[in-house]
Amino acid sequence: MKLRRRCKCGCGKITSPGCKWVHGHNIRAKNNPKYKHGLRYHKLYTIWKNMKIRCHNQNSSDYWDYGGRGIRVCIRWKDNFVRFYNWAMANGWEEGLQIDRRDNDGNYHPDNCRFVTSKVNANNRRMRKDNTSGYIGVYFYKGNNKYMANPYIDGKLKFLGYFNTAEEAAGAIEEYKCLLKKSWRSSELY
């Protein structure tokens, strides 16, 4: 007669007699690279998966804007969703927020990432490849040989006018952003 005993899974659950695994788990689950974390359907899992795809999968339509520019997911997160999940929960993730890199040319790394609204994320853009002015949101318009100030503000394009130099157009953008901050702060007082 074969002796059947209960085993303790790495997740802490007890198996039924004669079974080595709890459904979806391995006895050595914490040491197993295929450890089931039970968070497959959490919204952060999709964020993590898409982050890895756009940085490491050349078949992704977004690869050339991320991985093709040398942007990578740090080793701590790349192969371990639970680490990413724990960092996200400790650093302000809420449903509806998006992951954003403070330095748009930097990697996905705990020191460079944050969770922001879609409007903030839309404003954190890199300079377009065809931009010759040297300023984000400033473009040379051949129709009147002037520089156009046309930045993204709160996720929408905002036309601020035409200027003789790129510096004047960039100054107009900064001035407009300062006015927005002042009006936003003064509205908080009431």
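Just name the residue that is nearest to the chain's Cα centre (by Cα) out of those in region 71-109 that are outside any loop (DSSP other than H, G, I, E, B) and among the small types (Gly, Ala, Ser). Among them, the one singled out is ALA88. Candidates TYR135, TYR66: the one that is under 20 Å from LYS52 (Cα atoms), in contact (Cβ under 8 Å) with a residue 12 or more places away in the chain and either out of contact with any Cys (no Cβ under 8 Å at 6 or more places or on another chain) or of a type in the set (Ser, Thr, Tyr) (or both) is TYR66.
Quick check: is even one residue across region 136-155 modelled with pLDDT under 80 and not in a loop (DSSP other than H, G, I, E, B)? So far as region 136-155 goes, yes, one or more of its residues are modelled with pLDDT under 80 and not in a loop (DSSP other than H, G, I, E, B).
Quick check: anything in region 89-110 out of contact with any Asp or Glu (no Cβ under 9 Å at 6 or more places or on another chain), surrounded by 15 or more Cβ atoms within 10 Å (Cβ to Cβ) and among the small types (Gly, Ala, Ser)? No; the residues of region 89-110 include none that is out of contact with any Asp or Glu (no Cβ under 9 Å at 6 or more places or on another chain), surrounded by 15 or more Cβ atoms within 10 Å (Cβ to Cβ) and among the small types (Gly, Ala, Ser). Considering region 156-167, and only residues there that are surrounded by fewer than 16 Cβ atoms within 10 Å (Cβ to Cβ) and modelled with pLDDT of 90 or more, the residue that is farthest from SER118 (Cα to Cα) turns out to be ASN164.
The values are calculated or read from the model by the stated rules, or taken from the named source; none is laboratory data. Treat the numbers as computed from the prediction; the structure is a model and nothing was measured. In this analysis, Cβ positions are derived from the backbone assuming ideal geometry, glycine residues included, and neighbour counts consider all displayed protein chains.
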